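Values quoted throughout were computed directly from the atomic coordinates according to the rules given, and no laboratory measurement underlies them. Values in this document were obtained by computation on a predicted structure and should not be read as measured data. Glycine gets a Cβ as well: all are built from the backbone with ideal geometry, and neighbour counts include every protein chain shown.
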Amino acid sequence: MKQLCIYIILIFSYTLSSSAQIVYIDMNYILNQSEIGKSLNNYINKENDEYLIKYKKIEDKLVEKENQLLAQKNIILKSEFEEKLKDLSNEIKKYRSNKKITIEKINIMKLENTKKILKILNPIITKFVNDNSISLVVPKKNIIVGKKDLDITYEIIDLLNIEAKTLDF
């Protein structure tokens with residue numbers, strides 16, 4: 001709410017002081033709908049799917065081991081059962097740890113590549129702002145109501161698609 005008040009004050013001060021042009025932009029839409037953003041999302045989804053398949057197989061094996069162990073519970077000695085249960089528990093901990101590390105790795109990969117896209121995007125936005133005499137660009141998420149013609153998202157997507165279609169991931 002505090003940010004909203006600050007933006008409103010900034011907007012009014014700019015509009016009252018000069019004939020400044022204020023526009024807004026939807027960065028999430030750009031990152032998801034531009035060619036380079038789509039290629040990043042496809043790459044991340046492909047990596048994620050590969051890991052899901054890998055971990056599903058491991059999980060199935062662990063469930064099978066658990067079922068086998070439970071089936072042997074009344075047949076084997078209690079000490080042997082507890083030892084096997086401990087081993088299975090350690091395997092499950094290792095599985096969960098590896099899965100967590102993989103998820104973090106994918107998140108880091110997405111974050112780093114999003115930063116690369118933003119490095120490409122920033123000069124495009126700056127040039128667009130300078131060429132069109134725009135005084136202020138506000139994120140769309142902080143706008144309550146605004147004229148549709150003040151949204152520069154689509155123009156920036158077009159410029160980004162011309163500048164870069166894919167990125168080496």
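A few comments on the model shown:
- What the phi angles of the range 100-110 give under the Karplus curve with 6.51, -1.76 and 1.60, with θ = phi - 60°, is a coupling list of 4, 4, 5, 4, 5, 4, 5, 5, 5, 4, 5 Hz, glycine and proline written as x.
- Here the range 77-116 is scanned for amide nitrogen atoms under 12 Å from the site 7 Å beyond the Cα of residue 55 along Cα-to-Cβ, giving 95-107.
- Under 24 Å from the Cα of residue 73 - lysines, other chains or at least 8 residues apart: 61, 65, 84, 86, 93, 94
- If the chain linking residue 119 and residue 71 were pulled fully straight, counting 0.36 nm for each residue of separation and taking away their Cα-Cα distance, it would gain 11.5 nm.
- Extension reserve of the residue 159-residue 105 stretch, reckoned as 0.36 nm per residue once the Cα distance is removed: 16.4 nm
- Over the chain: helical MRE at 222 nm, DSSP H runs n ≥ 4 each giving -39500 (n - 2.57), nearest 500: -26000 deg cm²/dmol
- Between residue 80 and residue 134, the modelled labels are 7.3 nm apart [label points 7 Å from Cα along Cα→Cβ].
- Taking a ≥ b ≥ c as the square roots of the eigenvalues of the Cα gyration tensor, the range 29-77 is classed as prolate, since a/c reaches at least 1.5 and a/b is larger than b/c.
- Solvent-free Debye calculation, one equal scatterer per alpha-carbon of the range 2-163: log10 I(q)/I(0) at 0.08, 0.16 Å⁻¹ equals -0.48, -0.97.
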